[in-house]
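The values are calculated or read from the model by the stated rules, or taken from the named source; none is laboratory data. All figures in this text were calculated on a predicted structure; none of them were measured in a lab. Because the Cβ atoms are built from the backbone with ideal geometry, glycine has one as well, and the counts that use them run over all protein chains shown.
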């Protein structure tokens, strides 16, 4: 009767694709389905199984690792209010302005710095879209290249630590492994850093090639304008602009990688550091604190409601024997670990066209983790691969959230089709990184 678990999975997946609320679909449909099974086949599922649910929910609420989620969200939104992005973009643009494509390169570098400082994709894309897109279009950059660079750079927060998706992935893998394997959040942060930096390098390489082949798409900034902006004490101004975000990155990531602090403790350091940065920028006020607190509460509530719904789904799915059924099916079919991994990567990539990364983490990852454990696959490797794959979900039409964020702040003359065209090369670059990590994990993941 384990096929009932697969039916439940398919029903939930279809309903989510049709736009029903994820948290309530996961929890509500699981309970309703389980109740129906208990009526007609009590030997398969008994409602007394739900006595286990309160302890599991409290386990989620009391999870020390997950405390990092609201703190990293607070840190990201607070930094958005500091004006950090605008200062970085203006300064970087003049540093690389005389290079063809220099303005686009500066957007990528600022995106990487914001990713390592905030990790909030929506805030990064909107901020850079408002600040840099009008400037890029005014200076003659093609619409496709401009929108593609901004949208893709804004998603770097998905893979460059501290990343919320990495925190959620590590917790989901650990809770789905039943003690057979564990992935520490700090270790996952460390493993994802090199692929993230390689991704930044490939973005820049593509921009340089594109601007060399199609010079009209990425002109350089006139030398006299750069000279005027730089003026006196330019080096000191650059150091001032870069010092604070780099110090914050060093405090957060450095404390994690050196073992001085756990990711949760480092997230608290980041939240305090971001607040102090806003104070130093003289933008701290009651209104700012109120807005940051409201946005943090809203995003955190969304994540945890989905997580609680996913906990209910996982309990029902496992009680119906779904995980054991899938594991036995894969093992008996003699499917190699690599072939199964490729199959999962394909499913995650296709799912990213239609549903959000949080939904993929909480629906697909708990189902496939026991199978990976049975096949003896390194879950740290799998975690990095899934995180890289999930990054494409922000860029793949028709429901790429980064595309929606960017479209919301673009001038009326920028069409949706131009944004879609501009993002294609960057999706291909992301898939190239997935392939590199897939076949050369020992070189990239350290």
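Mind checking which residues of region 316-330 are touching a helix residue (DSSP H, G or I) at 6+ places or on another chain (Cβ under 6 Å) and in a helix (DSSP H, G or I)?
Residues satisfying the conditions are 316, 317, 319, 322, 323, 326, 327, 330.
Considering only helices (runs of 4 or more DSSP H) fully contained in region 138-250, which possess at least 3 residues that are at pLDDT below 75, under 27 Å from the mean Cα position of the chain (by Cα) and within 30 Å of residue 442 (Cβ to Cβ)?
none
Yes or no, residue by residue, for (1) in contact (Cβ under 8 Å) with a residue 40 or more places away in the chain; (2) farther than 27 Å from residue 389 by Cβ; (3) buried (at least 22 other Cβ atoms within 10 Å of the Cβ):
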residue: 65; (1), (2), (3): yes, no, no
residue: 77; (1), (2), (3): yes, no, yes
residue: 84; (1), (2), (3): yes, yes, yes
residue: 109; (1), (2), (3): yes, no, no
residue: 138; (1), (2), (3): no, yes, no
residue: 143; (1), (2), (3): yes, yes, no
residue: 147; (1), (2), (3): yes, no, yes
residue: 154; (1), (2), (3): yes, no, yes
residue: 164; (1), (2), (3): yes, no, yes
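Mind listing just one residue for me: the one in region 396-412 that is surrounded by fewer than 15 Cβ atoms within 10 Å (Cβ to Cβ) and in contact (Cβ under 8 Å) with a residue 60 or more places away in the chain and, of those, nearest to residue 344 (Cα to Cα)?
Only one residue tops the list, namely 408.
Give 326, 299, 341, 335 a once-over and let me know the one that is without any contact (Cβ under 8 Å) to a residue 40 or more places away in the chain and within 29 Å of residue 434 (Cβ to Cβ).
Of 326, 299, 341, 335, the one residue that is without any contact (Cβ under 8 Å) to a residue 40 or more places away in the chain and within 29 Å of residue 434 (Cβ to Cβ) is 335.
In region 377-398, is there at least one residue being at pLDDT below 80 and touching a helix residue (DSSP H, G or I) at 6+ places or on another chain (Cβ under 8 Å)?
yes
So residue 92 passes all but one of these: (1) buried (at least 16 other Cβ atoms within 10 Å of the Cβ); (2) over 30 Å from residue 325 (Cα atoms); (3) touching a residue at least 40 places away in the same chain (Cβ under 8 Å). Which condition number does it fail?
With respect to (1) buried (at least 16 other Cβ atoms within 10 Å of the Cβ); (2) over 30 Å from residue 325 (Cα atoms); (3) touching a residue at least 40 places away in the same chain (Cβ under 8 Å), residue 92 is out only on (3).
As an exercise: evaluate residue 255 against (1) without any contact (Cβ under 8 Å) to a residue 60 or more places away in the chain; (2) surrounded by 14 or more Cβ atoms within 10 Å (Cβ to Cβ); (3) part of a helix (DSSP H, G or I); (4) over 27 Å from the mean Cα position of the chain (by Cα) and give the number of the one condition it does not meet.
Tallying (1) without any contact (Cβ under 8 Å) to a residue 60 or more places away in the chain; (2) surrounded by 14 or more Cβ atoms within 10 Å (Cβ to Cβ); (3) part of a helix (DSSP H, G or I); (4) over 27 Å from the mean Cα position of the chain (by Cα), residue 255 fails exactly one: (4).
Of the conditions (1) closer than 21 Å to residue 61 by Cβ; (2) touching a helix residue (DSSP H, G or I) at 6+ places or on another chain (Cβ under 8 Å); (3) surrounded by fewer than 21 Cβ atoms within 10 Å (Cβ to Cβ), residue 301 clears all except one; give me its number.
(2) is the only condition that residue 301 fails.
Could you figure out which of (1) surrounded by fewer than 17 Cβ atoms within 10 Å (Cβ to Cβ); (2) part of a loop (DSSP other than H, G, I, E, B); (3) free of Cβ contacts under 8 Å to residues at least 12 places away in the same chain isn't true of residue 284?
Tallying (1) surrounded by fewer than 17 Cβ atoms within 10 Å (Cβ to Cβ); (2) part of a loop (DSSP other than H, G, I, E, B); (3) free of Cβ contacts under 8 Å to residues at least 12 places away in the same chain, residue 284 fails exactly one: (1).
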